[in-house]
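The values are calculated or read from the model by the stated rules, or taken from the named source; none is laboratory data. Everything quoted here is computed from the prediction, not taken from an experiment. Virtual Cβ from ideal backbone geometry, glycine too; neighbours counted across all protein chains shown.
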Amino acid sequence: MKILVQTDPFDLGAEVAAMSRGRTDIGAIASFVGLARDMNEGSGVAAMTLEHYPGMTEKALAAVVDDACSRWTLLDVTVIHRVGRLLPGDPIVLVAVAGSHRGEAFDACEFIMDYLKTQAPFWKKEETMEGDRWVEARASDDAAAARWQAS
């Protein structure tokens, strides 16, 4: 399992290649890459700054991955989340999940991402033409995470 919080960009292809190198037990790798957008809530976004609480953030990410591993039989997981100032189009987050079968990999990838959006201690500030603003939590993200509580 690999969990990183970093300022540097990541390479999806390199991460998937590293995850599968020398492995013949992996039948599927599902991945998600989140990108910084140039528009949010009807306003143009010039940049976004992601802040975190070092140490606490990594522990929270590890807890989400541990929870996923207790729900599904996973062969490997990589979570990379960037912090610092990001421009539109920059990659923000990578979740890659390896399993024997696609269903487990897809479900676990979605589960991890849903929980990252709601439980990981990151704070986002957007730079807009109207000034800087902190990004509030979305009810839709809470609803996505809540559906996993029933399963």
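The table below lists the values:
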quantity	calculated
Hey, Q119 within 13 Å of the chain's Cα centre (by Cα) and modelled with pLDDT under 90 or not	yes
Residues of the range 22-37 satisfying the condition of being in a loop (DSSP other than H, G, I, E, B), of a type outside the set (G, A, S) and over 12 Å from H101 (Cα atoms)	R23, T24, R37
Subset tally (residues that are of a type outside the set (S, T, Y), under 14 Å from M1 (Cα atoms) and more than 9 Å from the chain's Cα centre (by Cα)) for the range 73-86	4
Yes/no for E110 being under 18 Å from V16 (Cβ atoms), over 15 Å from the mean Cα position of the chain (by Cα), in contact (Cβ under 8 Å) with a residue 12 or more places away in the chain and not in a strand (DSSP E or B)	no
Residues that are farther than 17 Å from E136 by Cβ and under 21 Å from the mean Cα position of the chain (by Cα), drawn from the range 37-51	D38, A47
The range 48-79 - residue that is among the charged types (D, E, K, R) and outside any helix (DSSP H, G or I) and, of those, modelled with the highest pLDDT	D76
Residue identified as at positive phi, surrounded by 13 or more Cβ atoms within 10 Å (Cβ to Cβ) and touching a residue at least 24 places away in the same chain (Cβ under 8 Å) among G99, G84	G84
Scope the range 57-81; condition surrounded by fewer than 16 Cβ atoms within 10 Å (Cβ to Cβ) and among the small types (G, A, S); matching residues	A62, A63, S70
Residue in the range 2-14 that is touching a residue at least 12 places away in the same chain (Cβ under 8 Å), buried (at least 16 other Cβ atoms within 10 Å of the Cβ), part of a strand (DSSP E or B) and not hydrophobic (A, V, I, L, M, F, W, C) present	no
Test set (1) more than 18 Å from P121 (Cβ to Cβ); (2) of a type outside the set (A, V, I, L, M, F, W, C); (3) in contact with a helix residue (DSSP H, G or I) (Cβ under 9 Å, 6 or more places away or on another chain) - G34 fails condition number	(1)
